[in-house]
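K.L.:
My structure is below; once you've seen it, I'll send some questions.
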Amino acid sequence: MKMLHIVCGKRFEEEIVVLFQKLEIKGYTVISGVGGSGVTGTVTASNSPMNQNTNTLFMVALGYESSFLPQIVAALKELRAKHVQGHDDREIALKVFLQPCEIII
């Protein structure tokens, strides 16, 4: 089993959800208002839905779905390329991480 973490700016939330629907990913967790610091700057955590300058964390546990990982990664790379192209090839608020995952309870 693997865990996919997607950390993105709030403005990418809807596109990520649409991508999940297209790929038929039905199980995931969304944590909105996430803060942090990285190559795109510092973002303060906020629970206010009015604050558009926050990050969102998507967590997707991939069991049998991990066989679809190449399609998932390709779709995320395509999404990133679309936004980087209009962003002067600078870093954008979209990072994807893949880690081993084990259910213990």
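K.L.:
Return P(r) of region 62-105 (all Cα-Cα pairs; 5 Å bins starting at 0; whole %; ordered from short to long distances).
P.N.:
5, 18, 23, 18, 14, 11, 8, 3, 1, 0
K.L.:
So what are the three principal axis dimensions of the chain from its Cα atoms, in whole Å, longest to shortest?
P.N.:
For the chain, the Cα extents along the three principal axes come out at 35, 33, 22 Å.
K.L.:
Would you pull out the residues with amide H under 5 Å of residue 33's amide H, same chain only if 5 or more places away, H placed 1.01 Å from N?
P.N.:
55
K.L.:
Residue separation times 0.36 nm, minus the C-alpha to C-alpha distance between residue 23 and residue 39: what's the value?
P.N.:
Full-extension gain reported as 2.9 nm.
K.L.:
Using the Karplus equation 6.51 cos²θ - 1.76 cosθ + 1.60 (θ = phi - 60°), what ³J(HN,Hα) coupling, rounded to whole Hz, does each residue of region 94-105 give in order, writing x for Gly and Pro?
P.N.:
Karplus values, whole Hz, x for Gly and Pro: 8, 10, 10, 10, 10, 9, x, 9, 10, 7, 10, 9.
K.L.:
Still on this structure, I have one more. Mind checking which lysines have their C-alpha under 25 Å from residue 82, skipping anything on the same chain fewer than 8 residues away?
P.N.:
Leaving aside lysines fewer than 8 places away in the same chain, those within reach of residue 82 are 10, 22, 26, 95.
K.L.:
Let me ask you something else. Where is the GNM fluctuation largest for the chain (alpha-carbon springs, 10 angstrom cutoff): 68, 20, 12?
P.N.:
68
K.L.:
For the Cα atoms of the chain, what angle does the longest principal axis make with the long axis of helix 13-22, in degrees from 0 to 90, nearest 10?
P.N.:
30 degrees
K.L.:
Treating the angle as unsigned and between 0 and 90°, give the value, to the nearest 10°, between the Cα long axis of helix 69-85 and the longest Cα principal axis of the chain.
P.N.:
10 degrees
K.L.:
Along the Cα→Cβ direction, 7 angstrom out, place labels at residue 82 and residue 14. What is the inter-label distance in nm?
P.N.:
With each label placed 7 Å out from Cα toward Cβ, I get 1.2 nm.
K.L.:
Also: Explain nothing, just the number: relative contact order of the chain, from Cα pairs under 8 Å at least 6 residues apart, as a whole percent.
P.N.:
Reported relative contact order: 44 percent.
K.L.:
Label-point separation (nm) for residue 30 and residue 75, each offset 7 Å from Cα along Cα-to-Cβ?
P.N.:
That separation, rounded to one decimal, is 1.5 nm.
No lab work stands behind these numbers, since they all come straight from the coordinates. This is a predicted model, so every value here is computed, not measured. All Cβ positions, even for glycine, are placed from backbone atoms using ideal geometry, and neighbour counts span all protein chains on display.
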